[in-house]
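Engineer: The following block contains the structure, expressed as C-alpha cells.
Every read-out reported here was derived from the displayed coordinates using simple, explicitly stated rules and does not represent laboratory data. Computed from a predicted model, the values in this text were never measured in an experiment. Here Cβ is always computed from backbone atoms with ideal geometry, including for glycine, and neighbour counts include all displayed protein chains.
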Amino acid sequence: MNKVLTSLKQIWGTPEIRKKLLFTAAVLLIYRLLAHIPVAGIDRQALANLFSGSQLLGLLDIFSGGTLANFSLIALGLGPYINASIILQLLTMVFPKLEELSKEGESGREMINQYTRWLTVPIAILQGFGMYSLLRGQNIIGQLNLGSLLALIVTMTAGTILAVWLGELISEYGVGNGVSLLIFAGIVGRLPVVLGQTAVTLETLSVGNLGIFGMVGLILVAAVVFVNEASRKIPVQYARRVRAGKVYGGQSTHLPLRVNQAGVIPIIFAVSLVLLPSLVGQFLQNVNNAQVALAARSVLAFMQPNGWAYNLIYFALVVGFTYFYTAVVFNPVKIADEIKKYGGFVPGIRPGGATANYLNGIMNRVTAAGAVFLGAIAIMPAIVQVVFRIPTLSLGGTGILIVVSVVLETVKSLQSQLSVRNYDSFLP
C-alpha cells in the first residue's frame, strides 16, 4: 500500500505527467458530456426499455462506449473505427504492400492510420443505417423521409469521427491509448445505470447468494488479471561473436508467448457474427411475406440470448476467432528467422524450421487456455443471469476484461514514463 501511495505521489509530482493526466481527464469529460446529448426524434424511455431487456444490445452498448443506449450524437461510438482497425490489420497480413508500409516506422504507421480513418466512414454509414432500421422495427423511431434519414446518418457518422479525434488527442497529448480509454470511460459511466437496474433483482436474493455473487465478481477480476498478464517464456540463447577484437552476444533472454495473445478482439468478431441472425430476424419478422416472417421468428426463437444454442455458438465462435487472430498476428516462421538472423537459438532446438515448428506447437497449446477463457468470459452474463436470476445484468466478463486491460495498460504507460524521468535524472 505504501508503495502504491509513493508511486501516486511521484506521478502527481511530475509536472509533465500531471499535465498529461489533466488533459486526459478533460477530454474524457467532454466525451461523456457528448454521450448525453440525444439525437432528436427518439423515444428515450422506449429505447431504455429495449436496451435494459436485451443482452445483445447491452453488449453493443459496451463496445460503443456507453453512448448507444442514450442514442446520443456519438451513438455509434468507436465501433466503426475498431472494425476498420481490425480489417486493416488483417489486410496487412494479406497484402505485401501494406505489410511493407507497416514496417516503414512512424510514417508507415501514420499512413495505415489514415487508411483506417477513411475506412471508418463507410462502416459508420452502414452501421448508422442498420441501427435506424433496427429502431424503426421496434417502433422507437418513426419513418423518416430521405432528407431526415441522411441528416441522421451524417450526424452519427460525424459523431464517430469526433470520438476518434478525441481518442487520438489522448494518445498524442495524454496518457495511454485514447480509444481504449474512451471505451473504458463509457463502461465505467454506465455502471450506475447497470447497478440501478439490477438493484431490485438483488433485493430478492438472500445474504448467502449476495456473498456468492460478490465472490464470483472478485474471482473473475483476479482471473482476468492473471490471464491477461500470463505468458509462456521460451528461453533464447545468443552465441558469442568476436568482431574487431570485441565480443558480442553470449547472453540469455526469453521470448514471452502470451496466453491472451488476441485480447478482446475475438469477442468483437464473434459478437458481429452471432448478432447478425438476430438483427436480420428482427428486421424481417414484420414483412408481408408470411413464409419469410415465420422463418425470421423461428431464427429469433432459436437464437435467444439466454438459450443454449446461442451461447454454444457464441462460445465456439470466440474460441475459433481466438485461434484465427493469433495465427494472423503471431508468425512463428518470421520469429524463428529473426532469432536465427541475430545468432540466437532455443536450447535443444535446431535453428530455422525446427524452431518455427516448436514455437507453433507451444503457441497452439497456450492459445487453447486463452481461447477457453475468452469463451467463458463471453458467455458469463448468460451464466450469471441463469444462476442468480438477474435479467437486467448486461455488464459481464467482457466489460470487466476491457476495464482491467485498459487499467493495466495505462499503469504500465505511467510506469514507463516514470522510469524515463528517473533515467533522465542521471544525465548531465
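Engineer: Tell me, in nm to one decimal, what length is gained between N360 and S416 on full extension, where the rule is 0.36 nm per residue of separation less the Cα-Cα distance?
Structural biologist: Values: separation 56, 0.36 × 56 = 20.16 nm, distance 3.09 nm.
Extra length available between N360 and S416 comes to 17.1 nm.
Engineer: Considering amide H positions built from the backbone, and no H for Pro or chain starts, which residues 5 or more places from H254, or on another chain, come under 5 Å of its amide H?
Structural biologist: Answer set, sorted by chain and number: V236.
Engineer: Now, a different point. Hey, can you grab everything whose amide H is under 5 Å from the amide H of L73? Only 5+ residues off in sequence or another chain; H modelled, so Pro and N-termini drop out.
Structural biologist: For L73, the qualifying residues are I37, V39.
Engineer: With each pseudo-label sitting 7 Å past Cα toward Cβ, what's the S107-L33 distance in nm, one decimal?
Structural biologist: Roughly 4.0 nm, to one decimal.
Engineer: Past 21 Å, Cα to Cα: identify those pairs from K103/K341; K19/K412; K20/K103; K103/K412; K19/K103, in the order given. Could the numbers behind the result be given before it?
Structural biologist: Details: K103/K341 17 Å; K19/K412 18 Å; K20/K103 29 Å; K103/K412 25 Å; K19/K103 32 Å.
From the list (K103/K341; K19/K412; K20/K103; K103/K412; K19/K103), the Cα-Cα distance tops 21 Å for K20/K103; K103/K412; K19/K103.
Engineer: For A293 and H254 in one chain, what is 0.36 nm times their gap in residues minus the Cα-Cα distance, to one decimal in nm? Show your work: numbers first, answer last.
Structural biologist: Numbers: separation 39, 0.36 × 39 = 14.04 nm, distance 5.81 nm.
The span from A293 to H254 would gain 8.2 nm if fully extended.
Engineer: Efficiency by 1/(1 + (r/R0)^6): what FRET value for K341 and K233, r their Cβ-Cβ distance, R0 = 30 Å, to the nearest 0.05?
Structural biologist: On the way: r = 21 Å, r/R0 = 0.70.
Plugging the Cβ-Cβ distance into 1/(1 + (r/R0)^6) gives 0.90.
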